[in-house]
Each structure stands twice: as C-alpha cells, then as structure tokens.
Number of protein chains: 2
Amino acid sequence: MSQTRLSNTSRAILGILSTGPLSGYDIKAFADSSVRHFWAVSYGQLYPELKALAAAGLVAAEAQPRGFRRRTVYSLTETGRAALADWLAEPIAGGHELRDELLLKLFFSDPVSPSHLQTLLRQMRRRHEEAAADLTDQQEKLGPRAGALRQAVSRFGGEYHRFRADWCTRLLAEIQGEARR
Amino acid sequence: MSQTRLSNTSRAILGILSTGPLSGYDIKAFADSSVRHFWAVSYGQLYPELKALAAAGLVAAEAQPRGFRRRTVYSLTETGRAALADWLAEPIAGGHELRDELLLKLFFSDPVSPSHLQTLLRQMRRRHEEAAADLTDQQEKLGPRAGALRQAVSRFGGEYHRFRADWCTRLLAEIQGEARR
DNA sequence: GGTACCATGTAACTCGTTACATGATTGT
DNA sequence: ACAATCATGTAACGAGTTACATGGTACC
C-alpha cells in the first residue's frame, strides 16, 4: 500500500507480467521483442525495479531454479494488477517530450556542406528503413490473434519509421536541387 | 583542450550561440522558441552547462550588466566553433531511441473499455494538433530568410504531429468499428 | 574445450527535471 | 503598489545507461 510512484518502466514490467509469470530474463526478452522500439528496458534497471515492485507488493517472487541455475519467477499480485489498471485508466500525464539528436543537428547544419548532409541523411534513412522492416517482421510474428491495440501500435511503429525515411528522401531531393544552383 | 565529452544540450547551446552572443536567459528564450519541440532546455541545466563550457574554453563569458541587474553574455570562442563543427561533421551517434508513454500504454490497453480509449485518443489528438499549430506558427515566424534546414526541421515538426494526430483519428475509427460489433 | 545462451545482479555515471531562492527593472 | 519579465543560480531527486562481475547449462 506504500503508494510509491511507479516509473514507466515499472508499468511496462507490470504490463508484461499481466500475460503470465516470467523471470527477469524472460521479461527482458519479451520487452526486446515487443516494446523496445518505443520503450527500451535494460537489465540495469530491470532487476532493481523487480525487487522494488516485489517489496511494494505489486509482484510476487518465486524461486524456480532450473537445475543448479538459480531463477526467480515473478507474477502479478492483485494489487499489482490493480496498479496496472489504474495507470491504464489515467489520462496521459505530461507532454510527449521528444529528444531527437538528428533534428537538433540538422537545425544547426545550414552551414554544412551538401555532400556531408547527404551522407548523414542517407544514413538516417537506412536506419529508419531497417527499423521499419524490423517492425513489419514483428507485426507478422504478432499475428492476427494479438490484441487490436498491440497490432495498431506495432503498425504505427512501421509507419512512423517509414514516414521519417520518406522525409529523409524528400530532404535529400531538396538538397540536390539546392546544390545544383 | 580538455576533451570532455559534450552533452547534446551543450551542443545545442553552441549551436544557438553560433548566430551571436547571448545571455543565458536569452539562450533559453531562443531555445524555447525554436528547438524546444525536439530538444527542450531548462535553466537547471543551462546555467551549469554554460559555466562548464566557459571553463572548457568553448565559450567566453563577458559581464554586461544592465543597470544594477547583473548579466553575463556568452559568445563562441574559436575552439567552441570548432567543437560545433566537429559535432556537425560526425555521423549520428546512437540509435534514435524513442520513449513514448502513449504507445507504451496503448500496447497494454487491449483490456480497457473502448469509451475510455476514445477519451485517451482524443486527448492525444488534441495535443498533437496544438503542437502542429504551434510549429506552423513558428515556421511563419522563421520566414523564408531562415536557413533551408531550419525550415525543413520546423516543417518536419508540423508534419510529424499531424501524422500522429491522423493516426489517432484512424485508430478511433477502428475502435468505433470494433465497439459496434 | 569452446561458444552461445540462460540468469542475476551492482556501482558509477550522465542527463535532465523540479522546486526553490534571490533580486532588478519596467509598465500599469 | 503590483505584476510581469529579466536574470541567475542551486540542491535534491529520478530515470536510465554502461560496464563490469559471476556462474550455470546445452550443444557441438
């Protein structure tokens, strides 16, 4: 009942556990194959958070060693499930802050040579294309049996990266036009 | 010459100062009216960073009080200008990490009632529309005399928020379809 | 015997926000 | 007088990453 404010990563953990008990390692694997594109989770945060969640009574820890390899499996408690539901019911808290190094850099890149900008933008485009492909894969793996919103979010990811890749293409075209003058 | 790694916020400061000397307060004002949509700057970071940049010799501080109100104006040094150029010349460092509370929430929202989802999505759409409008304003203020990339980045901001607003609309339609069944 | 994967953790660090504090100046 | 704005800062906190450390197990 100690109403310690949850971090979003904790909520992600609760969300992941809502489908069933998992070990820390498995939570990480799940996160890496699902939410990592918009909410990455690292071990360095995961394990301490799990302990904190257990201490707060939101998850229950059970030792389930495999052979001599220790292993702790976590499952949602009723309070944990309630905390997750509370969060989902809340309106979105703050403003969608965005930290985008590429945009920051581009904003100050007017004095930079067009050829270097081209390299930069092609590189970015490449990355977004890769991310988009990755998400399309993921979407297929999810399959049609996944929840509608999970699908929608995954689809959004793909569209988002494609959107940015396209923007790179358009900007490249502009720069070429400029360079020809 | 003490090659202390620069934070992106420091680079933003250098970028802002590249157009001319400014006080901390003015840097903040400039940032708020330009880069804040993709790189927000707070006083709590700004002033300490300015001191650090001055200590590292990347900016020069000059006391320019107005009456009895103290005021320090910072300007780029040659090393500072070089550091900025170095950064602009570098390829983009890491992968565009994204932290998006809305997507995280939606990903786990399949069990949530459609009516609540509608409220959530409408709220988000509203915010994106506001942000888009704000950026369109900014773009006009920038005018046609601003650098091509500054314009492009500002334009991207608008398109980005519009893109997300549209996505909300599409998702809302899907949810309604679902709810009617 | 080696490599890959399973499994768990910690310490140091970076970046950034929030909340507070202080005081001058300008305009109503 | 008061509010708004100019101007500068600091302390405490929060979230997250990185690098490291440790060891079991499975398979070739």
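Here are some notes:
- Scanning segment B:76-86 turns up no residue that is within 14 Å of DNA strand C (Cβ to nearest atom) and polar (S, T, N, Q).
- Scanning segment A:61-78 for any residue that is under 20 Å from the mean Cα position of the chain (by Cα) and either surrounded by fewer than 17 Cβ atoms within 10 Å (Cβ to Cβ) or outside the structural domain of A:Gln151 (by TED's automatic domain parsing) (or both) turns up nothing.
- Test: residue in segment B:139-150 that is within 18 Å of A:Asp110 (Cα to Cα), part of a helix (DSSP H, G or I), touching a Gly at 6+ places or on another chain (Cβ under 8 Å) and more than 10 Å from every other protein chain (Cβ to nearest Cβ): yes
- Pairs with Cβ under 9 Å, 6+ apart, first in segment B:112-129 and in the same structural domain as B:Ile175 (by TED's automatic domain parsing) and free of Cβ contacts under 8 Å to residues at least 60 places away in the same chain, second part of a helix (DSSP H, G or I) and of a type in the set (Val, Ile, Thr): B:Leu117/B:Ile175; B:Gln118/B:Ile175; B:Leu121/B:Thr169; B:Leu121/B:Ile175; B:Arg125/B:Thr169
- The residues in segment B:9-40 that are under 11 Å from the mean Cα position of the chain (by Cα), under 18 Å from B:Arg81 (Cα atoms) and among the polar types (S, T, N, Q) can be counted, and the count is 1.
- Residues in segment A:158-181 that are of a type in the set (Gly, Ala, Ser) and facing chain B (nearest Cβ under 8 Å): 0 in all.
- When segment A:90-113 is filtered for residues that are away from DNA strand D (no atom under 16 Å from the Cβ) and exposed (fewer than 13 other Cβ atoms within 10 Å of the Cβ), the ones remaining, listed by number, are A:Pro91, A:Pro111, A:Ser113.
- Scanning segment B:27-37 for residues that are within 13 Å of chain A (Cβ to nearest Cβ), surrounded by 14 or more Cβ atoms within 10 Å (Cβ to Cβ) and within 12 Å of DNA strand D (Cβ to nearest atom) yields one hit, B:Phe30.
- Restricting segment B:1-26 to residues that are β-branched (Val, Ile, Thr) and open to solvent by less than 20 Å² (accessible area, probe 1.4 Å), the residue that is nearest to DNA strand C (Cβ to nearest atom): B:Thr9
- In this entry, B:Ala173 is excluded by the filter for residues that are assigned by TED's automatic domain parsing to the domain that holds B:Ser18, open to solvent by 30 Å² or more (accessible area, probe 1.4 Å) and in a helix (DSSP H, G or I).
- Residue count for segment B:38-67 under the criterion of being within 14 Å of another protein chain (Cβ to nearest Cβ) and either away from DNA strand C (no atom under 11 Å from the Cβ) or in contact with a helix residue (DSSP H, G or I) (Cβ under 6 Å, 6 or more places away or on another chain) (or both): the result is 4.
- With respect to the conditions (1) of a type outside the set (A, V, I, L, M); (2) more than 16 Å from DNA strand D (Cβ to nearest atom); (3) under 17 Å from the mean Cα position of the chain (by Cα); (4) more than 30 Å from B:Ala148 (Cα to Cα), A:Tyr43 lacks only one, and its number is (2).
The values are calculated or read from the model by the stated rules, or taken from the named source; none is laboratory data. Please read all numbers here as calculations on a predicted model, not as lab measurements. For neighbour counting, all protein chains shown are included, and Cβ atoms are generated from backbone atoms with ideal geometry for every residue, glycine included. Ligands, DNA and RNA are stripped out before the accessible areas are found, and what is left, the full protein with its side chains, is counted by its heavy atoms. Shrake-Rupley method; radii C 1.70, N 1.55, O 1.52, S 1.80 Å.
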